[in-house]
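Here's the structure, in structure tokens; my notes come after.
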């Protein structure tokens, strides 16, 4: 039989699998406790959030007859400028000043808002996250309205339109939960740490646990006691047939 412990306390793959099987219930309990703990922690600490989004596009100016490649490139450049404008505290301060009921500052709105450009196109996406579905939708629409007003004043343009819906109302969805991600991380981390723990515990243990440990020391075992299960210790029963005085057969169980 191949030894689990080799010289220098090295463990081969078969030995590692044997150690894992010996401590399988310990590993299962640790993993289950970790997964349950991660799920409970996520359930009680994760805040419900909604993501409201709206898309804006910069169309061809009224004074321009055609919308050629140069016009598209100019629109993309302007969209990048608009993106930076939306991320300024001065602009967000104008948005929150119109809605004191939100009880938010410009910095709070910047933390809730993300702005992105759809590829190399003059399309601008605005996303807002909030715990209230109605307020998230109200926020993203207010940002869109204030932005178009600022664009008319600063850039003297009136060619920014809303793509999301014909009524100019943003789209709101529930933010995805992190439950599966957190439980998966807890499962992998607890399993790896448990395997490392039982392996180090076995390697650093100098006591003789199995027959292979004696063979490593050059000692030949005189006798070995095989592992027995509970069913192996049961005494078999035999049936004896006895006829009574009337001649009827009677079965009697005896134990040896």
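Just to be sure before I move on: is residue 103 modelled with pLDDT under 85, exposed (fewer than 13 other Cβ atoms within 10 Å of the Cβ) and assigned by TED's automatic domain parsing to the domain that holds residue 161 in the structure I sent? No; evaluated as a whole, the condition is false for this residue. Restricting to the range 1-12, and then to whatever is exposed (fewer than 13 other Cβ atoms within 10 Å of the Cβ) and either assigned by TED's automatic domain parsing to the domain that holds residue 205 or within 14 Å of residue 201 (Cα to Cα) (or both), can you tell me which residue is modelled with the lowest pLDDT? This residue is 9. The numbered conditions (1) in contact with a strand residue (DSSP E or B) (Cβ under 6 Å, 6 or more places away or on another chain); (2) at pLDDT 80 or above are all true for residue 95 except (1).
Of the strands (runs of 3 or more DSSP E) lying entirely inside the range 108-171, those containing at least 2 residues that are surrounded by fewer than 19 Cβ atoms within 10 Å (Cβ to Cβ) and modelled with pLDDT of 85 or more are 113-117, 123-130.
The values are calculated or read from the model by the stated rules, or taken from the named source; none is laboratory data. Because the structure is predicted, anything quoted here is derived from the model rather than measured. Cβ coordinates were reconstructed from backbone atoms using ideal geometry, including for glycine residues, and neighbour counts include every protein chain displayed.
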